Amino acid sequence: MLEEVGGLDQDRMVVLSLKPRFAEAILVGSKTVELRRTTPKIEVPTRALLYATTPVRALLGTCIVTDVRSADLPVLWREHGSRSALAYSEFQRYFEGLEAGTALTLAQPQSFSCQIPLQDLRAKPRGFRPPQSFAYVDTDTGNLLMRIAA
């Protein structure tokens, strides 16, 4: 079961859509920073639900977003690249056309005991749809999802 973390945002959680290799890297602790083109508007710390995109298409676990930093791309890479599980060429392609990006520092990854496949996600909490990049869910919905996976 997931342990309670003091000081978490009590109103909402964030759902992060991730390529499966990145979701797995977060859950095993080898990826501790998630880089994003758009900055989520969250209070830290905030619980994040980790959704792996195609071909997995399932909610895999959670982590805590402990810091959100925006910076120019050279600074972003220098300070966070080594913890992002990205090669520099991937970083450049991902941020092409932008001058700045955002780093989400992640902690306390926890895998669910069973993954929640997309078809179950759509059925359980009123037609849940995974986001393209990220989305916010109220705490009640997030807690329901975590109970389903327990």
What are the ³J(HN,Hα) values, in whole Hz, obtained from phi via the Karplus relation 6.51 cos²θ - 1.76 cosθ + 1.60 with θ = phi - 60°, for each residue of the stretch 51-57 in sequence order, with x given for Gly and Pro?
9, 8, 7, 3, x, 6, 6
When the chain is modelled as a GNM with alpha-carbon springs shorter than 10 Å, which of 16, 59, 76 fluctuates the most?
76
Identify which of 81, 97, 29 has the largest mean-square fluctuation in a Gaussian network model of the chain, with springs joining Cα atoms closer than 10 Å.
97
MRE, 222 nm, helices only [DSSP H, n ≥ 4, -39500 (n - 2.57), over the chain, to nearest 500]
-7500 deg cm²/dmol
Average Cα contact separation per residue, the chain, under 8 Å, 6 or more apart, as relative contact order %:
33
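What is the Cα radius of gyration of the stretch 61-150 over 2.2 N^0.38 Å, N being its residue count?
For the stretch 61-150, the normalised Cα radius of gyration is 1.33.
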What figure, in Å² to the nearest 10, do you get for the accessible area of residue 13 with a 1.4 Å probe and non-protein molecules left out?
10
Choice from 48, 100, 23 showing the highest fluctuation, given a GNM over the chain with Cα pairs closer than 10 Å
100
At 1.4 Å probe size, with no ligands or nucleic acids counted, give the accessible surface of residue 43 in Å², nearest ten.
130
Principal axis extents for the chain, Cα atoms only, whole Å, descending order, please.
42, 35, 25
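The values are calculated or read from the model by the stated rules, or taken from the named source; none is laboratory data. No experiment lies behind these values; they were computed from the predicted model shown. Keep in mind that these areas ignore ligands, DNA and RNA; they rest on the heavy atoms of the full protein, side chains included. Shrake-Rupley method; radii C 1.70, N 1.55, O 1.52, S 1.80 Å.
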